[in-house]
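Rule-based calculations on the coordinates, nothing more; no lab input. The model shown is predicted, which means the values in this text are computed figures rather than measured ones. Reconstructed Cβ throughout: ideal geometry from the backbone, glycine too, with neighbour counts over all protein chains shown.
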Amino acid sequence: MDFGLSDEQRHLRESAREFLTNECSPAYVRKTMADEAGAARELYAAVANLGWNGLIVPERYGGSGMGMLDMAVLLTETGYAAMPGPFLFSSALAASALAHGGSDEIKERWLGALAAGTIIGTVAISERNDSLNPAEMVTSARREGAGWVLSGTKMFVPYAHAAAFIVVVARTGPSPADIGLFVVKTGAPGVRIRMLHGLDLTRRVCALDLDAVVVTSGAELSGGAALYARLLDIGAVAIAADSLGGMDRALEMAVEYSKVREQFGKPIGSFQALKHAAAEIVAELEPARALLWYAAYAQDAGTPDAPRAAAMAKALLCSIYTRGTDRAVLMHGGIGFTWDHDIHLWFKRARFNESFLGSPVYHRERVAALGGY
Amino acid sequence: MDLEFRPEEEQFRKKLRQWLEENVPLSGLRGADPNATRDKAAIEKARAWQRRLYDGGYVALAWPKKYGGQELDPVRQSIVNEEMVRARAPGLVGGMGISMLGPTLISWGSDEQKRRYLPKILTAEEIWCQGYSEPGAGSDLAALRTRAEIVGDEFVINGQKVWTSGAHYADMMFCLVRTDPEAPKHRGISYVLVDMRSPGITVRPLIQMTGAHNFNEVFFDNVRVPRENLVGKLNEGWLVANATLFHERNMLGSTTTSQQSMARLIALARSVHRNGRPLTADPVFRQRLVDLEMRVEAMKYHMLRQLTDQVRGRNPGIEAMINKLAGTELNHDIATAAMEAMGDCAMLARGEEEAMDRAFWPYEWMFSLGLMIGGGTSHIQKNIIAERGLKMPKSR
C-alpha cells in the first residue's frame, strides 16, 4: 500500500513550483492577458526544455512517456501559477488523442514538434448545444472518396488560433456510437477560426467553423467513440488537477491577506468567520486532492472505475474551485474586487474550469449512471 | 502509487476475516441495541470480547512488544479497523484505555505505572473513562476547575466532571485536575489516575437525546488519590494531555463506516418511491446522493494517503487536521439525507413496526450529530485547522 506521489513526482512538483514562481509570476500572467493572441508562446517553448510539453508523449516520438498522474502533478502546479496559454489543451488533451489514437504516421508528423514546443495542438469537442453526449453531436464527417468532408461549428476550442492542428470530434453516422476524431490542419481550406471574447484571459477559446473541410483517411484517429470517451475522461482529470492547484493558490492568497490586513485593531484573520471560511475549504480540498490522485492513477492503471473516478474528480474539484474562489474574493474585501489585485485571475479560471468539458451537474449525473443508481 | 496490499497483509486480512466470522457470534453482543445502557452482564460480555480479541492478536497491534503489542505497522491496525466494521463486530469496551491512556503512559508514564496499568488495559480487566470536560470547561478545557490539593502523599480531589462516557461501569479514570490555581490556566493542570471505587465518587447518568445512557456526571467529594498516580510532572498535565490528543488525531479511523452508511442510504433511496419512481431516479436526490458518495470516496483515499505517510514516517500536515471535522459531518449528512428520503416515516422511532429500514436511521442521525460535538466540536476543529494549520492569528 503506497498511496500518494512517488519521490520523482514530488521532485517534479517542487521543480515545477520553483520554475513557475520565477518564470510565471502574476506580472507575466497579466502581460499574456493583455496580449492579443495570449498564447504565451515563449513560456510554452521554454517548458519544452523541462520535458513538460511531451510529458505524456511516448519516448519514441520525442516525449517522456509518463502518465496521467505525473501530468496531474504538473497541472496542479500550472493551476497554482495560473499559467496562461495552451499547455493543458496541447500537452494533455491533444497529445493524448494522438498518443492513444494516432497512426504511426500521425504520431511521427505531429508529436515530436509538439513535445519540442515548436507547435501547439488542440481539441474541438463542444458545440453550440452545450452537450458532450455523442448522440447530440452535430458536426459531421461524411465519407468522400478515400477521405472525409467535415462540416459544422465547434465552440470553445482552446487556442485554435495558435494551433498547428486541431483534433475534431465529429459524427460519422446516424447512431450515437458513430463518432470519429480527425486531425485537421488549421490552415486547411474551409477552416475558419474566430477567437471568442472570454472572461478568463489566461485561456483563449475560439469558434471553429468547418465549411466542407477535406481530410484524408489518414487523418482519422482510431478508436472512435471509445477514444472520445477516454479523451473526455483525460480532460476531466486534467481540469480537476488545474482546479486543485488553483484553489491551493487562491486559499493561500486569502489567508495571507487576512494575516496582514487589519481592521478593528486586529488582523482580520483573527476573526472566526474568516478562520472558518478558510478551514472549510481545507476540509473539502484535502480529501479531494487524494481523490484527484486516484482518478489520475486510474487512467494510467485502466481500472474499471476510471471513468467514474474522472467524473467525480471533475465534479468535486471544479465545484470546490468556484465556491472557494468566490469565498477567497469575499475574504479580500473591496480590494479583491479590483482588476489590479490578482485574486480575480483565479476566480475567473475557476469559472472556465467548471464550464469546460462538463459542469458538476453533468458529471454528477454520469457518476450516478455509472454507479447504476 | 500502488493500491495493492502486500501478500502477508492480504493473508492477515483473510485470517482475520475468518476469525471474526467464527468469533463475533460467540461474543453474545451481536445485534446489541446501541441505545441500551450497559448492564453488568453486558459489560462482562464486552470485557470477554475484548479479551478474546486480544488473545487472538487483534488489539493494539502497533504497541511496543514489551507492553503487550506487536510493533506492527499502521497498515495492520487499519486492516483490523476496517474488517471489524465490515463484520459489524462489537467495539472495544476498553477503547479509551487503548487509544488514549495507553499511549500516554507509554510516553509519559513511570515504569511502575506502565507495569501496573498497561497489561490490564489490553485485556479489559480494567476499563478506563476520561475525566476531562466540566460544566464550565468544554471547548475551553483548560478552564477546568476540579481541584486536587496535595495532602501528605495524596491528592485530595474536589469537583465535577461531565460527559464522562462509561463512568457508570469504568474501573479507573484518567483525569485532568487543577493543582495550581494561581498559575496561568494551561500551566496549573495535572494528569492523575483515579480508582473509580474510591470513596467520595458519585456517578450520575446523563441521558442523551437518543434516550440512551452512555455518559455521566462524576462528582468528587474529597476523593483521595495516591501521589504516585500522577502521570508526568506536577502542573504539566496539559502537555501530557495534548500529546495524547495529537496521537488520537493520528489514529486513523476507518472510513468503512461511512462506506457502509452510504451503501445503506443508496439501498434506502432505491426502495423509496416518489412521483412514480425510486428516489435514486429523482434528478435532484440523485445529485445529492452523488455528492455524498464523492465525499465518501475522497475520504477513503484521504485515509490511504495518511496511512502511507505514517508508514513512510512523514510528519502529518494540515491534511491530518481535517479528519474529525470532515468525517463526522459526512456521516451526519448521510444520515440527514436518509431521514429526508424517508418522508413522513422519518417521524417514527426505534421499536415502531411501521418504521423504515428497521429504524436504523433515527438513532444514527442523532448520534452522528453527537459525534460532531464530542472530542472538540466542528467549530473548534475549524479553529484548529485555521490556527495551527493555516497559521491564522489567534483571536485571544
Rounded to the nearest 10, the angle in degrees between the Cα long axis of helix A:272-301 and the longest principal axis of the Cα atoms of chain A comes to 30
Taking a ≥ b ≥ c as the square roots of the Cα gyration tensor eigenvalues, with a/c under 1.5 meaning rounded and otherwise prolate when a/b beats b/c, else oblate, which class fits the range A:225-370? prolate
Other chains' Cβ within 10 Å of A:288-297 residues: what's the mean? 5
Rounded to one decimal in nm, the spacing of the 7 Å Cα→Cβ label points at B:Ser395 and A:Phe264 is 1.0
Remind me, relative contact order of chain B in percent, using alpha carbon pairs under 8 angstrom and six or more residues apart? 12
Of the options B:Ile380, B:Pro316, B:Ser258, report the single residue whose Cα projects farthest towards the positive end of the charge dipole of the range B:252-389 (beta-carbon charges: Lys, Arg +1; Asp, Glu -1). B:Pro316
Per-residue average of Cβ from other chains inside 10 Å of A:356-368: 3
Take the alpha carbon gyration tensor of the range B:119-185, find the square roots of its eigenvalues, order them as a ≥ b ≥ c, and report rounded if a/c is under 1.5; if not, report prolate when a/b exceeds b/c, else oblate. oblate
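Got a sec? How would B:Trp63, A:Trp339, B:Trp19 order by Cβ neighbour count within 10 Å, fewest to most? Don't skip to the end; give the middle numbers.
Details: B:Trp63 21, A:Trp339 8, B:Trp19 17.
By the 10 Å Cβ count, ascending, the order reads A:Trp339, B:Trp19, B:Trp63.
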Which of B:Gly200, B:Gly94, B:Gly376 moves the most in a Gaussian network model of chain B with Cα springs under 10 Å? B:Gly200
Summed over the other residues with a beta carbon less than 13 angstrom from that of A:Ala40, with K and R at +1 and D and E at -1, the charge totals +1
With only Lys, Arg, Asp and Glu charged, each at its Cβ (+1 for the first two, -1 for the last two), find how big the charge dipole of chain A is about the Cα centre; round to the nearest 20 debye. 700
Residue-by-residue Karplus 3J(HN,Hα) for the range B:3-17, coefficients 6.51, -1.76, 1.60, Hz, glycine and proline x: 8, 7, 8, 6, x, 5, 6, 5, 4, 4, 4, 4, 5, 5, 4
Inter-chain shielding metric for B:380-386, i.e. average beta-carbon neighbours from other chains within 10 angstrom, reads 6
In 5 Å bins starting at 0, how do the alpha-carbon pair distances of the range B:183-316 split up by percent? 2, 8, 9, 9, 11, 12, 11, 11, 9, 7, 5, 4, 2, 0, 0
I need the shape label for chain B. Rule: rounded when a/c is under 1.5, else prolate if a/b > b/c, else oblate, with a, b, c from the alpha carbon gyration tensor. prolate
Top positive-direction residue, dipole computed over the range B:7-93 with Cβ charges, set B:Leu72, B:Val93, B:Gly56: B:Val93
Using only the alpha-carbon atoms of the range A:123-224 as identical scatterers, what base-10 log of I(q)/I(0) does the Debye formula give at q = 0.16, 0.18, 0.25 Å⁻¹? -0.62, -0.78, -1.41
Please give me, ordered by residue number, the GluC sites (Glu not before Pro) of the range B:310-396 that lie in loop per DSSP and have at most 15 other Cβ atoms within 10 Å. B:Glu352, B:Glu353, B:Glu354
Listing A:Glu280, B:Glu125 by rising number of other beta-carbon atoms within 10 angstrom, fewest first, gives B:Glu125, A:Glu280
Amide H partners (placed H, <5 Å) of A:Tyr159, local residues excluded: A:Arg204, A:Val205, A:Cys206
For the range A:7-119, report the translational diffusion coefficient in µm²/s to the nearest whole number, using Stokes-Einstein at 37 °C, 0.692 mPa s, and a Kirkwood Rh over Cα pairs. 232
Farthest positive-ward along the protein assembly as shown dipole, Cα basis, beta-carbon charges - from A:Val138, A:Ala273, A:Ser6: A:Ala273
Dipole magnitude (debye, nearest 20) for chain B, charges at Cβ of Lys, Arg, Asp, Glu: 460
Zero-based 10 Å bins, Cα pair distances in the range B:128-235, whole percents: 16, 50, 28, 6, 0
What is the range A:123-224's relative contact order, in percent, from Cα pairs under 8 angstrom and six or more apart in sequence? 32
The range B:290-335: radius of gyration over Cα atoms, expressed as a fraction of 2.2 N^0.38 Å: 1.24
Zero-based 20 Å bins, Cα pair distances in chain A, whole percents: 30, 58, 12, 1
Counting Lys and Arg as +1 and Asp and Glu as -1, each charge on the Cβ, what is the dipole of the range B:252-389 about the Cα centre in debye, to the nearest 20? 520
What is the Cα convex hull volume of the range B:7-93 when expressed per residue in Å³? 95
Quick one: work out the % antiparallel among DSSP beta bridges in chain A, nearest 5. 85
Radius 13 Å from Cβ of B:Asp140, net charge of other residues (Lys, Arg +1; Asp, Glu -1): +2
Quick check: the distance between the Cα centres of the range A:291-325 and the range A:71-126, to the nearest angstrom? 19
At the level of C-alpha centres, the distance separating the range B:319-347 and the range B:1-32, in angstrom, is 27
CD proxy at 222 nm, helix term only [per DSSP H run n ≥ 4: -39500 (n - 2.57); per residue of the protein assembly as shown; nearest 500]: -15000 deg cm²/dmol
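With a 10 Å Cβ neighbour count serving as the proxy for reagent exposure, in which order, fewest first, do B:Cys345, B:Cys129 appear?
In order of increasing Cβ crowding within 10 Å: B:Cys345, B:Cys129.
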Remind me, relative contact order of the range A:93-181 in percent, using alpha carbon pairs under 8 angstrom and six or more residues apart? 30
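Specify, per residue and in Å³, the volume enclosed by the convex hull of the alpha carbon atoms belonging to the protein assembly as shown.
175
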